[in-house]
Amino acid sequence: MSKIHRKKTRLGSYKFVSVLFSITLSLFITGLVGLIIIQAKTLTSIIRENIEIQVFLNKNLQKADIERITNLLQQKPYILDKEGTKRFTYISKEEAAAVFMDEVGEDFTQFINDNPLRDTFTFSVAEDYQTAELIEDIVAELQAIDGVFEVTYMSDLVESINKNLLKVSMVLGAFILILLVTVIILINNTIRLALFSQRFLIRSMQLVGATKGFIRKPFLLRAFLYGALGGLLASAMLFGLMEYGKQVIDGFNLLYNLKWLLILFGGLVFLGAFLSFFSTLKSVNKYLNMSLDELY
């Protein structure tokens, strides 16, 4: 008679592919939303960098006065510092007149025998000072400087950016909360169903005298590894998506923020490992405390 060979079931083993697929898919969707948030934040920062304040000087100022105002402004903390360079420019009235004549195509000074333009300082505002209230304080401070004629900025743009950013943040926050709850439930149910086939093996180990810690160990170890691997696979998929976007979408590389991407990828690996570990711990403890009748 031919012998029937049955595959031995190892403690802590369960369907690898289905569990890993569910974890990876859940983390990929979570990471995709996180990626959208990072892109939105980077885009908002780029837009906010265009918030500029213009400082018009009095006419007939001496060179020493202009240098004094220049040194004073460069020391201000609210001027945007981009990679060690202050976003700060000075345009003399002669340079402004030359630019204007290039655009218009005529020398307007011949008609009025004077240059009505003024020497101007223009600078971008640092992100920490981009609220309407703080910008108003900056304008008031600049107006008080001796030699300053007028200070202007696009107040409507500042208010519009801040209002829209608040609305988008609230919507994304609610969506992220719903998504996280969904992912937690999905991963928990996937692992619970995978461990369902192990319930009798767990009871058998208990009957031969294995401690709860000994039984839990292989399950928790595998769950941690599967969760971390799922996070790595999801991160690799997102990275590939980013690289593809850089090739087919012009200007997409401007939204590429390596620092936040690494934080996102690390968060996905941690989230996958933690949720898998916690869900497995919960399910194994459940079967450890079940009676034989309940297992059936």
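The values are calculated or read from the model by the stated rules, or taken from the named source; none is laboratory data. For clarity, every value in this text was computed on a predicted model and none was experimentally measured. No Cβ is skipped: glycine too gets one built from the backbone with ideal geometry, and neighbour counts run over all protein chains shown.
Being out of contact with any Asp or Glu (no Cβ under 8 Å at 6 or more places or on another chain) and either over 30 Å from Phe278 (Cα atoms) or loosely packed, with under 12 Cβ neighbours inside 10 Å (or both) is true of Ile145. Of all the residues in region 182-211, those that are farther than 22 Å from Leu20 by Cβ and β-branched (Val, Ile, Thr) number 2. Of the helices (runs of 4 or more DSSP H) lying entirely inside region 189-296, those carrying at least 3 residues that are at pLDDT below 75 are 199-207, 292-295. Scanning region 250-285 for residues that are on the phi < 0 side of the Ramachandran plot and exposed (fewer than 14 other Cβ atoms within 10 Å of the Cβ) yields Asp250, Asn253, Leu254, Leu258, Lys259, Leu262, Ile263, Gly266, Phe270, Lys282, Asn285. Taking the condition at pLDDT below 85, of a type in the set (Ser, Thr, Tyr) and assigned to a helix (DSSP H, G or I), does Ser26 pass? Criteria not met by Ser26.
Residue-level check: of (1) surrounded by fewer than 17 Cβ atoms within 10 Å (Cβ to Cβ); (2) in contact with a helix residue (DSSP H, G or I) (Cβ under 9 Å, 6 or more places away or on another chain); (3) of a type in the set (A, V, I, L, M), Ala140 misses just (2). If the condition is being modelled with pLDDT under 75 and part of a helix (DSSP H, G or I), then region 110-159 contributes Gln110, Phe111, Ile112, Ser155, Asp156, Leu157, Val158, Glu159. Scanning region 148-161 for residues that are surrounded by 14 or more Cβ atoms within 10 Å (Cβ to Cβ) and either free of Cβ contacts under 8 Å to residues at least 40 places away in the same chain or under 26 Å from the mean Cα position of the chain (by Cα) (or both) yields a count of 3. Within region 24-52, no residue that is under 17 Å from Phe270 (Cβ atoms) sits with its Cβ atom under 9 Å from a residue that is assigned to a helix (DSSP H, G or I) and acidic (Asp, Glu) at 6+ positions apart or across chains.
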